[in-house]
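Contents: one structure, followed by commentary.
The values are calculated or read from the model by the stated rules, or taken from the named source; none is laboratory data. Computed from a predicted model, the values in this text were never measured in an experiment. For neighbour counting, all protein chains shown are included, and Cβ atoms are generated from backbone atoms with ideal geometry for every residue, glycine included. For the accessible areas, the whole protein counts, side chains as well, though only heavy atoms, and no ligand, DNA or RNA atoms are used. Shrake-Rupley method; radii C 1.70, N 1.55, O 1.52, S 1.80 Å.
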There are 2 protein chains.
Amino acid sequence: MKLISKYKLFGGSQETYKHDSKINNAPMVFSVFLPKQVNDKKLPVLYWLSGLTCTEENFVIKAGAQRMAAKLGIVIVTMDTSPRNLGIKGENDSYDFGNGAGFYVNATEEKWTKHYNMYDYVYQELPVIIESNFNVTDKKSISGHSMGGHGALILALRNPSQYQSVSAFSPIVAPTRTPWGQKALKGYLGNNFESWQQYDSCELIKTATQRIPLFIDQGTNDEFLEEYLQPQRLESVCKEFNHPLILRMQSGYDHSYFFIATFIEDHLKYHSNHLK
Amino acid sequence: MKLISKYKLFGGSQETYKHDSKINNAPMVFSVFLPKQVNDKKLPVLYWLSGLTCTEENFVIKAGAQRMAAKLGIVIVTMDTSPRNLGIKGENDSYDFGNGAGFYVNATEEKWTKHYNMYDYVYQELPVIIESNFNVTDKKSISGHSMGGHGALILALRNPSQYQSVSAFSPIVAPTRTPWGQKALKGYLGNNFESWQQYDSCELIKTATQRIPLFIDQGTNDEFLEEYLQPQRLESVCKEFNHPLILRMQSGYDHSYFFIATFIEDHLKYHSNHLK
C-alpha cells in the first residue's frame with residue numbers, strides 16, 4: 001500500500017493510496033478522509049461509489065463532504081471505478097464500459113473476469129484493507145452516484161447485515177432494463193439474462209428477505225432521468241413489495257456534483273444516525 | 001454576454017458567461033453564484049481572485065463556498081486569471097507568466113499592454129457588467145488565493161472605498177521581492193522598479209492613507225511559504241505602519257484548495273459582516 005498524496009483539511013486528513021488488488025489482479029487506487037477524532041477513537045466508515053468515468057478523486061474534490069464528515073466523525077472511503085490501462089483490448093473505447101466503468105459487478109466473460117471484479121473489491125477486499133490499516137470500527141454504510149448509486153443499492157440489498165444504511169444520488173435502479181446497464185451487464189456477464197438480475201436493484205427488491213431502507217435523491221432536471229435512470233421503476237417495485245424507500249425528487253437539479261454537494265450533508269447525517 | 005453553463009446548487013444558481021472585454025481587448029470568462037434570495041432583493045458581491053493557472057472554475061468546483069454564500073445571501077463572482085490563446089508569442093511558455101497568470105496588473109510592455117489589463121478588468125469593467133446584469137447592490141468585498149490573494153490585497157489597498165472588506169489565502173504579499181512577482185512584474189511592466197511598487201502590498205501599506213483591515217489565512221506547511229510568499233514581510237510592515245492585520249498561521253495546512261475549503265466559511269462570514 002503506497003501513499004500517493006496527503007492533505008490536511010477540516011482538521012483531518014485526506015489520504016490517497018495505491019495497492020495491489022488481489023481480487024482485481026491489478027493496482028487499484030482509493031482515498032480515505034480521516035477526521036481528527038480518528039486519533040483518539042475508532043470511527044465508522046462510509047463507502048462512496050462514484051459514477052461513470054470517475055476516479056477516487058471526483059467526490060473528494062467536488063462534493064464538499066469532508067466538512068460535515070469531520071463534524072460527525074465519519075471516515076469516508078472512495079475508490080477508483082475500475083482498474084485502469086491493463087492492456088485489455090477495448091478497455092478505453094467508450095466512457096460507459098471498461099476503464100472507469102466497472103459497474104460494481106464480478107465479470108464472468110473471459111476477457112474481463114480476471115480484472116473486473118468491482119463487486120467483490122468493494123464488498124470484501126477494500127473493507128479488510130481499511131479495517132486493518134486505519135483506526136475504524138467494522139460499522140459501515142454505503143452511498144454513491146449514478147453507476148455508483150446502483151453499486152451502493154445492490155451491495156446493500158444483497159448484504160443488508162454488512163451495511164448500517166444505504167443512500168444514493170441519481171442511481172441506475174434498473175440496469176437490466178436501461179441502456180447503460182444493459183451494455184455493461186452484457187459486456188461483463190454475457191447473454192445470460194438470469195445472471196444480470198443479481199445486479200439489478202428492482203429485481204433484488206422482489207427477493208429481499210431483510211428490508212434495508214433506501215434513501216435516494218434524484219434531480220428533476222437530470223439529463224439522464226428518463227432514458228437511463230427511471231426511478232419510477234424502483235418506486236413501483238418498493239410499493240409492491242412494501243420495501244421502505246425515501247425518494248426525494250429535487251426540483252431543478254441535474255446530474256452533476258453540484259447536486260451532490262447540495263444534499264450530501266443530509267446523507268451524511270442520515271448515515272451518522274445509523275452508524276451510531 | 002453568452003451563457004456557457006448553468007447549474008442549480010444550494011437553491012441558487014451557478015452561471016458561467018463569456019463576454020468581450022473592452023479593457024483586455026479579448027474574450028473573458030467569469031462565473032457567478034446567485035443565491036436564491038437574489039430573486040427577491042439585491043445582494044452584495046464578493047469577488048474571488050484565483051491563483052496561477054486557474055480559471056473561473058477552480059474555486060467554483062473545489063472551495064465549497066456556495067453552501068455558506070447561499071445562507072448568508074452573498075453573490076460570488078470568479079473570473080479567469082487572464083485572457084487565453086491570443087497568439088501572443090510565449091503566452092503559453094510557462095505556468096507563471098502569460099496565460100493563467102495575469103497577475104492582476106495593467107501591463108505596460110508593448111507585447112502585453114493591449115490584452116493584459118487584469119487590474120482594470122477586476123476593478124472597473126467586471127463590476128459594471130455584474131451590476132448591470134444581475135440583481136446586486138454596489139457593495140463589494142474581495143478575496144483571493146496566492147496570486148489572487150495578491151490581487152485582492154492590492155486592489156483593496158489602492159481602492160479602500162471601493163471594497164467593504166478584503167481577505168486572502170496564502171497571498172503573494174511582496175511581489176517586488178519574491179520570484180513569482182519579480183518575473184511577472186518584469187514581464188508586464190519592464191525594468192522600471194518604481195512602477196512595480198503600485199502592485200506590491202508591502203509597499204502600498206507604507207503610503208496608505210485609509211487603513212482597510214487585512215484578514216489573511218496562511219498554511220504553515222505551504223510548499224511556497226518561504227521562497228514565494230513570505231508573509232512575515234507583511235506582518236512587519238503592518239506593525240511598523242500600524243496597519244490592521246489579522247494573519248492566522250494555520251498549522252499543517254498546505255497551498256491547496258483543501259486549505260481554502262477548510263477556512264472559506266470564516267472568510268465568507270467576515271465579509272458578510274462588512275457587507276451588511
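Bins of 10 Å, beginning at zero and ending with the bin holding the largest distance: percent of Cα pairs per bin for segment B:141-239, please.
All Cα pairs, binned at 10 Å, distribute as 17, 52, 28, 2 percent.
What are the residues whose amide H is under 5 Å from the amide H of residue A:139, where those residues sit 5 or more places off or on another chain and H is modelled from the backbone?
Here the answer is A:45, since their amide H atoms fall under 5 Å of that of residue A:139.
Report, for residue B:161, each distance to the same residue's label point in the other copies, shortest first and in nm; define the point 7 Å along Cα→Cβ.
Residue B:161 label point versus its equivalents elsewhere: 7.5 nm.
Segment A:2-19: which residues show an accessible-area loss of 50 Å² or more, assembly versus chain alone, 1.4 Å probe?
A:7, A:8, A:10
Can you list the copy-to-copy distances for residue B:198, using a point 7 angstrom from Cα toward Cβ, in nanometres, shortest first?
Values, ascending and in nm: 7.3.
Which pairs, out of A:114/A:269; A:2/A:22; B:22/B:139; A:2/A:114; A:22/B:62; A:6/B:8, put more than 26 Å between their alpha-carbon atoms?
Listed pairs above 26 Å: A:114/A:269; A:22/B:62; A:6/B:8.
Would you calculate, for chain B, the mean residue ellipticity at 222 nm contributed by helices, counting each DSSP H stretch of 4 or more residues as -39,500 (n - 2.57) and dividing by all residues, to the nearest 500?
About -9000 deg cm²/dmol.
List, shortest first and in nm to one decimal, how far the label point of residue B:269 (7 Å from Cα along Cα→Cβ) is from its counterparts in the other copies.
Spelled out, the distances from residue B:269's label point are 1.8 nm.
Rounded to the nearest 100 Å², what is the sum over both chains of accessible area buried where B meets A, with a probe of 1.4 Å?
Looking at B and A, the buried total is near 1800 Å².
At most 15 other Cβ atoms within 10 Å and a DSSP loop assignment: could you name the chymotrypsin sites (Phe, Trp or Tyr not before Pro) in segment A:214-276 that fit?
In loop regions of segment A:214-276 (DSSP not H, G, I, E or B), the sparsely surrounded chymotrypsin sites (Phe, Trp or Tyr not before Pro) are A:241.
Express in whole angstrom the spacing between the alpha-carbon centres of segment A:213-241 and segment B:122-164.
44 Å
Ignoring any ligand, DNA or RNA, what whole percent of the accessible area of segment B:84-218 comes from carbon and sulfur when the probe is 1.4 angstrom?
The nonpolar share, carbon plus sulfur, comes to 44 percent.
Once amide H atoms are built 1.01 Å from N in the peptide plane, which residues 5 or more positions from residue A:49, or in another chain, come under 5 Å H to H?
For residue A:49, the qualifying residues are A:143, A:144, A:145.
Which loop-located GluC sites (Glu not before Pro) does segment A:41-147 contain, where loop means any DSSP state but H, G, I, E or B and the Cβ has at most 15 other Cβ atoms within 10 Å?
Answer in residue order: A:109.
Would you mind getting the accessible area per residue of segment A:6-132, heavy atoms of the protein chains only, 1.4 Å probe, in Å²?
38 Å²
From the Cα trace of segment A:100-198, what convex hull volume per residue do you get, rounded to a whole Å³?
Output value, Cα hull per residue: 100 Å³.
For peptide B:54-61, how many partner chain Cβ atoms fall within 10 Å of a residue's Cβ, on average?
1
Along the axis that rotates chain B into chain A, which residue of chain B has the nearest beta-carbon, and what is the gap in whole Å?
Residue with the nearest Cβ, plus whole-Å distance, for chain B: B:64, 2.
Using just the alpha carbons, could you tell me how many Å³ per residue the convex hull of the protein assembly as shown encloses?
154 Å³
Mean separation of Cα pairs under 8 Å and 6+ residues apart, divided by the residue count of segment A:1-149: what relative contact order is that in percent?
Averaging sequence separation for qualifying contacts and normalising by length gives 28 percent for segment A:1-149.
So which residues of segment A:243-266 lose at least 50 Å² of accessible area, probe 1.4 Å, when you go from the chain by itself to every protein chain present?
Residues meeting the cut-off: A:253, A:258.
Any idea of the accessible area per residue across segment B:141-267, 1.4 Å probe, to the nearest Å²?
Accessible area per residue, segment B:141-267: 36 Å².
Quick one: Karplus J couplings for segment B:65-71, per residue in order, coefficients 6.51, -1.76, 1.60, θ = phi - 60°, nearest Hz, x for Gly and Pro?
My calculation for segment B:65-71 gives 7, 5, 4, 6, 4, 5, 5 Hz in order.
For chain A, calculate the relative contact order in percent as a whole number, restricting contacts to Cα pairs under 8 Å that are 6 or more residues apart.
It comes to 17 percent, rounded to a whole number.
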